[in-house]
Amino acid sequence: MVTAARTTRAERMAMPLARHVVKDLAAEHGACVRPVQLRRTEIDTGHVEQVLIPCGHTLASVCPSCAERARILRAAQCREGWHLDREPVIDPDPATEEQRARVTDRATAQAGRDTLANEGLDTGELDEAIGELDQQITDAGLRGTVLPARPRRHRSPQRRQDAAPLPRRTVNARTVGKTYTAPDGKTFRPSLFVTLTCPSYGRVGEDGAPADPEVYDYTRAARDALHFAALFDRFIQNLRRYTGYDLQYFAAIEPQRRLAPHIHLALRGTISRHELREVIAATYHQVWWPPTETVKYDGGHLPVWDEHTGTYLDPGTGEVLPTWDQALDGIGDGDEPLHVARFGTRFDAQGVLAGSPDASRCIGYLTKYLTKQLGDCHRAATDGQAAHATRLADTLRYEPCSPTCANWLRYGIQPKNVRPGLHPGACKGKAHRREYLGYAGRRVLVSRKWSGKTLADHRADRKAWLTGMLGLPATDLSRYSWEPVKPGDPDHMPNGQRLLHVVADRQKWHAALTNARARASSETSPNLSAAGTAA
Ligand SMILES: [Zn+2]
Ligand SMILES: [Zn+2]
């Protein structure tokens, strides 16, 4: 009898792992590698089917297929809104009877409460009722609230002397840019691709690492990253006032080699470099937070939580630390803000025409890094880069990320919404984590009237195209009930089994799509490369 030849350990190790091959096959087919299992029951017949849906993760390190689908969807959203020549229609539905009734109740409660307050009487009961009414207003399907939750602190809007004054125009509702007519009579509507960067924190080498780490301003770099989203907000406000129309943008935030965030923007319509320079120079964001120059508590000497009063006390004297509001009130008129964030004076701007190769290239830039964490976009290859990343992370560890940050205790202040278990240097805020580089905001910022569609609308567009292509009936959702399948359930499939199903489905689906494409090849069809996006 012939036995299988003995294999060495090295030979066995060289054989591919079966379960890895399944996963690779799924990924090659563009299918989700960690599908979610749902149980679908047809309500009339009780017929049960297992349905696998994509996990929808946006990081390629978690699920390459879902992340790529999300990226393509973003690119489509960007393309669709950039050169729009008609105003997108976003008219909210009229309020229903029910919604109007809830708001009327809310008005009555407010009037009653204010009357009591004027007379110096207790408003507790009505305040509670108002809270419930606000919840009902939300439940009735209205967006936002009738009043801001708390009156906002008012700071004098006095401009800093070193900021250039900006001409202000009334912003009208127009969102599309100007049309130009060429000498030959052709009309065109150019748009703009802009890149904004942070200022210099010290000279850096080719690899992004500081030439002299001792003089590189890490504190400023950390604070600019923490407040980058707010600064960008100011920039857009200023730009709209300056241009006098409701300018729309699609923006993506990415790290530079020096690990500072920068932002690529597709702007609808165009403005000159000179005007852009003026707006950038006049844009700043002031952070009116308490000073952090003096470290009051450190190491083992930390404020202690007092159960009875719900406050933090000095560990030695037992004195109650100032609250967040007290600390804010302590900022005087003569004081400087903790930080003033600005963009660097260097920026990049180029005009782009609809449908041009330039437009595609820029959309590529805008979506290139979306499937990666900020901190993973540039992996440290040199010792200098690694040391730089560590220094930045160390600085971010003790910078307060928000009014609720645990780090305020280090500077002798109780953070806003104070609670037990806070340790300076161990704040849970994402901005402190290495992979975020201080910027914990959204990676893609899209203005409301960009394409007039949400990401879900764009997704639905693609799905409709695909089901149309395959001649499938649109599923009537009301016919089914859906439940997630949990690990203990008898019909639960482990991930390996799900992946086998996914690969088999893809195989069938691929064949069907090839047929459908052959049938449709004589007709014009939208963007075939979008095919992998609807399953
Ligand atoms: Zn997935
Ligand atoms: Zn924090």
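Filtering the stretch 464-474 for residues that are out of contact with any Ser or Thr (no Cβ under 8 Å at 6 or more places or on another chain), in a strand (DSSP E or B) and either away from ligand 1 (no atom under 16 Å from the Cβ) or at pLDDT 90 or above (or both) leaves an empty set. The residues listed here are 45, 41; of these, the one that is within 23 Å of residue 486 (Cβ to Cβ) and either within 16 Å of ligand 2 (Cβ to nearest atom) or more than 20 Å from the chain's Cα centre (by Cα) (or both) is 41.
Each row is one residue, and each column tells you yes or no for (1) in a loop (DSSP other than H, G, I, E, B); (2) at pLDDT below 95.
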| residue | (1), (2) |
| --- | --- |
| 361 | no, yes |
| 366 | no, yes |
| 375 | no, yes |
| 387 | no, no |
| 391 | no, no |
| 401 | yes, no |
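Filtering the stretch 351-379 to residues that are within 15 Å of residue 436 (Cα to Cα) and either within 15 Å of ligand 2 (Cβ to nearest atom) or among the small types (Gly, Ala, Ser) (or both) leaves only 375. Got at least one residue in the stretch 352-370 being of a type in the set (S, T, N, Q), within 16 Å of ligand 1 (Cβ to nearest atom) and closer than 30 Å to residue 205 by Cβ? Taking every residue of the stretch 352-370 in turn, none turns out to be of a type in the set (S, T, N, Q), within 16 Å of ligand 1 (Cβ to nearest atom) and closer than 30 Å to residue 205 by Cβ. For residue 175, the conditions (1) touching an Asp or Glu at 6+ places or on another chain (Cβ under 6 Å); (2) within 30 Å of residue 291 (Cβ to Cβ) all hold with the exception of (2). Tell me which of these residue 420 doesn't satisfy, since it passes every other one: (1) over 17 Å from residue 324 (Cα atoms); (2) more than 24 Å from the chain's Cα centre (by Cα). All conditions are met except number (1). Within the stretch 181-210, if we keep just the residues that are under 19 Å from residue 284 (Cβ atoms) and not polar (S, T, N, Q), the residue that is surrounded by the fewest Cβ atoms within 10 Å (Cβ to Cβ) turns out to be 199.
Would you mind listing the helices (runs of 4 or more DSSP H) fully within the stretch 1-103 where at least 1 residues are of a type in the set (Phe, Trp, Tyr) and surrounded by 11 or more Cβ atoms within 10 Å (Cβ to Cβ)? Break it down into steps so the answer makes sense when it comes.
Numbers: elements: 9-14, 18-28, 64-82.
Once the helices (runs of 4 or more DSSP H) in the stretch 1-103 are filtered for at least 1 residues that are of a type in the set (Phe, Trp, Tyr) and surrounded by 11 or more Cβ atoms within 10 Å (Cβ to Cβ), what remains is 64-82.
Of the residues screened, residue 56 is one that is within 30 Å of residue 483 (Cβ to Cβ), out of contact with any Gly (no Cβ under 6 Å at 6 or more places or on another chain) and of a type in the set (Gly, Ala, Ser).
In the stretch 431-456, the residues that are in a loop (DSSP other than H, G, I, E, B) form Cβ pairs under 7 Å with partners that are within 16 Å of ligand 1 (Cβ to nearest atom), at six or more places apart or across chains, as follows: 443/370.
Of all the listed residues (421, 384, 412), the sole one being closer than 17 Å to residue 209 by Cβ and in contact (Cβ under 8 Å) with a residue 60 or more places away in the chain is 384. Evaluate the following for residue 120: is it modelled with pLDDT of 80 or more, surrounded by fewer than 10 Cβ atoms within 10 Å (Cβ to Cβ) and closer than 30 Å to residue 107 by Cβ? The answer is yes for residue 120.
The values are calculated or read from the model by the stated rules, or taken from the named source; none is laboratory data. Being a predicted model, the structure only gives us computed values, none of them experimental. Ideal geometry is used to build each Cβ from the backbone, glycine not excepted, and the neighbour counts take in all protein chains shown.
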